[in-house]
Amino acid sequence: MADILTPVLGESVAEATVGRWAKKPGDAVKKDEVLVELETDKVSLEVAAPADGTLTEILAGEGDTVTPGAILGRVGAAGAAAASAPAAAPKAEAPKAGSAALLEVKTPVMGESVAEGAISSWRKKVGDAVKKDEVLVEIETDKVAVEVAAPADGTLAEIVAADGATVTPGQVIAKISTDGSVSASAPAPAAAPAAPQAAPAAAQPASNHLSPAVQRIVSETGLNTSGIAGSGKDGRVTKGDALAALANPAPAASAPVAAAPAREVGPREERVKMTRLRQTIARRLKESQNTAAQLTTFNEVDMSTVMALRNTYKDVFEKRHGVKLGFMSFFAKAVVAALKDIPAVNAEIEGTDIIYKNHYDLGVAVGTEKGLVVPVLRDVDTLSLAGIEKGIAALGKQARDGTLSLDQLQGGTFTITNGGIYGSLMSTPILNMPQVGILGMHAIKERAVVVDKQIVIRPMMYLALSYDHRIVDGKEAVTFLVKIKEGLEDPQRFILDV
């Protein structure tokens, strides 16, 4: 007997609602076959069978609220009796004589809270020879790109999920012939076209299959979801759909207005579909603006002392630690010192509660060819300058190579972004939700400043702190930025902890 358990639901997600069961007690199930869908505040998750056998019992019915680790049901040995109504498990169909030895290529688990991805582009075509562990296709998710490799040597016999298709973990996306029945020199015959599917159903009524997050929005705002075209699975209204409807209420109309057709692209234009990562970046940045009471405060810092230290010790530092001494380690140290003094900037809002973080995990924004990603450097307060430089260098390389894991992109408490490397003189960075603070670094420029009543030339940098005014007051924000300025202009404070 194997328990079907509620999986970990994702960062800061404590419960889920049971959706539709795909099987009923007494049905035969296969290992990794999807049995039930769970809806959380953020995503929908599919729960698969832990083993081959028979679904003997369902303990959490549709609409029930469950927590991670809760038992949803049980799978017994093949032919086991169901708890509610005995039913003989149907026998598996024996393979037909002469059938090709086809090995299925499945979508892998793509990380915590990632329920689906999009096929980017196949690197092989049907009929091509493949080697075990050779990359066949890349799947783009909301956060990272996942490479899918061949499970064995053979020939690519069938591509089930074409370029652009949306896939879920465990879904079959291709089949490989391992017995030579499909020749590598000639493509395999195309599969028979699938029967035409029925037209998508209209948006479901507001009362059907609303996730807890959407139900909360409805109860708090009185939003009518009946007129919202859901973008979720089976046309369900998602949290993003509800927030978008609140931000842009549709005007009353006597008849539905047809969507405007896509504009024709001229001979000197090119239409390119946004990648899944870029769509996610756009959606989250807009959600951040719509959710937080964002405000930005500015200051400037004299970089003379840091630059002098760097120039004096950069060679011996690199020789000793094997990494170059940059500015980011000084900024990280200054930020951690400021966060300890102003804990509200190292917090987050959850409902009507404030969660103060007693750890200092800094997100460092990295620009890549595919878009902006923010990997997280953990426990920065425990790291030396060398440890910070090594950590940032490693994360930056992984970001550019596309090898970051989902764990490396989650859980940051504060973010630093450096537009100065591109020449930015001043900007107002957008919060990386659910964080309530982000520091913007900018280009260092020599400017005339007054020091001890004398006009001198100093290397100056503008600093920008964007913060969530819902929990961070103006006094706290300004003090936080002054603390960073003081730390950078007098780095000995790091040593003395003052």
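Could you list all residues from region 343-396 that are acidic (Asp, Glu) and within 23 Å of the chain's Cα centre (by Cα)? Reasoning before the result, please.
To start, the set of residues in region 343-396 that are acidic (Asp, Glu) comprises 348, 350, 353, 361, 369, 379, 381, 389.
Matches in region 343-396: GLU348, GLU350, ASP361, GLU369, ASP379.
Looking only at region 40-67, residues that are at pLDDT 80 or above and not in a loop (DSSP other than H, G, I, E, B) come to 11 in all. Of all residues in region 309-343, those satisfying the criterion of being hydroxyl-bearing (Ser, Thr, Tyr) and surrounded by 13 or more Cβ atoms within 10 Å (Cβ to Cβ) are TYR313, SER329. Taking the criterion of being over 17 Å from GLY26 (Cα atoms) and surrounded by 14 or more Cβ atoms within 10 Å (Cβ to Cβ), the residues of region 65-76 that qualify are VAL66, PRO68, ALA70. All conditions but one from (1) polar (S, T, N, Q); (2) under 20 Å from ILE430 (Cα atoms); (3) surrounded by fewer than 16 Cβ atoms within 10 Å (Cβ to Cβ) apply to ASN346; the one that does not is (3).
Taking into account only those residues within region 282-303 that are of a type in the set (Gly, Ala, Ser) and crowded, with 16+ Cβ neighbours inside 10 Å, which is nearest to GLY371 (Cα to Cα)?
Just the residues of region 282-303 that are of a type in the set (Gly, Ala, Ser), to begin with: 282, 288, 292-293.
Now narrow it down to the ones that are crowded, with 16+ Cβ neighbours inside 10 Å: 288, 292.
Working: SER288: 17, ALA292: 23 Å.
Per the stated criteria, the residue is SER288.
The strands (runs of 3 or more DSSP E) found wholly in region 416-498 and carrying at least 2 residues that are touching a strand residue (DSSP E or B) at 6+ places or on another chain (Cβ under 6 Å) and hydroxyl-bearing (Ser, Thr, Tyr) occupy 454-468.
Please pick out the residue among GLY437, GLY412, GLY419 that is touching a helix residue (DSSP H, G or I) at 6+ places or on another chain (Cβ under 8 Å), surrounded by 15 or more Cβ atoms within 10 Å (Cβ to Cβ) and at negative phi. Quick ask: steps written out before the conclusion?
On the way: GLY412 fails: touching a helix residue (DSSP H, G or I) at 6+ places or on another chain (Cβ under 8 Å); GLY419 fails: touching a helix residue (DSSP H, G or I) at 6+ places or on another chain (Cβ under 8 Å).
Going through GLY437, GLY412, GLY419 in turn, the sole match is GLY437.
Every listed requirement among (1) surrounded by 15 or more Cβ atoms within 10 Å (Cβ to Cβ); (2) within 21 Å of GLN294 (Cβ to Cβ); (3) polar (S, T, N, Q) is met by THR352 save one, (1).
The values are calculated or read from the model by the stated rules, or taken from the named source; none is laboratory data. Owing to the predicted nature of the structure, the values given are computational and were not obtained by experimental measurement. Here the Cβ is made from the backbone with ideal geometry for all residues, glycine too, and neighbour counts use every protein chain on show.
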